[in-house]
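These notes concern the structure reproduced below.
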Amino acid sequence: MTLPAAPRAILFDLDGTLADTAPDLAAAVNLLRARRGLEPTAYEILRPTASAGARGMIGASFGITPDDERYLALRDEFLNNYEAAIAVHSGLFDGVTALLDGIEAAGVQWGIVTNKHQRFTTPLLPQIGLGHAACAISGDTTPHPKPHPEPLLEAARRLNLAPEQCWYVGDDLRDIQAGKAAGMLTVAAGWGYCGATEPQHWHADYLFVQPSELLDLLQSTVTNSALAA
């Protein structure tokens, strides 16, 4: 396979891509159940839905959609629970610290584009070691969340780069859809939550099962660009 051009920046989804936040999200939704005298929902059921935030967690735990009249009250209580205990058990996936160090060593910027609202992104990032991202675009930074490309395009603008100079990495189909719509090379993070559909069906440019594979690709493109110069 022909190597792509070396990127000027690599942008990442947050939940399920850089950070394993499912434990705290699961705790927030199970607190809803405990207050209602219900047994907790098994973590194995909740974890795959973590990238979908409140909609996914409440749907998995209570079996309702946002159209249900009970949803808004549950969502607001869930978000308050999460905000109050946002980084108790959350942390970076294995290999992510080495990946980010390698990206920086290669002279490439990295940033975050998440659908998580700024209310949660701002306090969370420094607590899990991501406070030094070159940019952090939240779900309410632009008028449209992913899979719309606007959040990714805003990240490129903030980095003073063309979209095609960026790669986008995510663990959900909408991440790949957003990246493609923005004109970026896309990488499916197979180590993440991955939602309801298998990542091999997302038509990402690359699918990796561990962060070190992404670093290997980056280093190969940087070396190839240097040899061609």
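Here the spin labels are modelled as points 7 Å beyond Cα on the Cα-Cβ line, and at GLU198 and ILE45 they lie 2.5 nm apart. Model label points for HIS132 and LEU227, set 7 angstrom from Cα along the Cα-to-Cβ axis, are 3.1 nm apart.
Maximal additional length on extending the ALA106-HIS148 stretch stands at 12.2 nm, based on 0.36 nm per residue less the C-alpha distance. Using only Cα atoms, find the angle between the long axis of helix 118-127 and the longest principal axis of the chain, and express it within 0 to 90 degrees, rounded to the nearest 10. So the inclination is approximately 70 degrees. Summed over qualifying helices (DSSP H, 4 residues or more, each -39500 (n - 2.57)) and divided by its residue number, the chain shows a 222 nm mean residue ellipticity of -13000 deg cm²/dmol. Mind pulling the angle between the C-alpha long axis of helix 211-228 and the longest principal axis of the chain? Nearest 10 degrees, somewhere in 0 to 90. Around 20 degrees separate the two axes. For the chain, excluding the exposed loop sites themselves (trypsin sites (Lys or Arg not before Pro), DSSP loop, at most 14 other Cβ atoms within 10 Å), the longest remaining stretch covers 71-229. Ligands, DNA and RNA are left out, and with a 1.4 angstrom probe the accessible area of the stretch 128-173 is 40 Å² per residue.
The share of accessible area on the stretch 103-143 that comes from carbon and sulfur is 50 percent, using a 1.4 angstrom probe.
In the chain, the DSSP beta bridges split such that about 10 percent are antiparallel, to the nearest 5. Compared with the dominant Cα axis of the chain, that is its longest principal axis, helix 22-35 is turned about 10°.
The value given for the chain is a Kirkwood hydrodynamic radius of 18.0 Å, derived from the mean inverse Cα-Cα separation.
The values are calculated or read from the model by the stated rules, or taken from the named source; none is laboratory data. Since the model is a prediction, treat every value here as computed from it, not as a measurement. Because the Cβ atoms are built from the backbone with ideal geometry, glycine has one as well, and the counts that use them run over all protein chains shown. Keep in mind that these areas ignore ligands, DNA and RNA; they rest on the heavy atoms of the full protein, side chains included. Shrake-Rupley method; radii C 1.70, N 1.55, O 1.52, S 1.80 Å.
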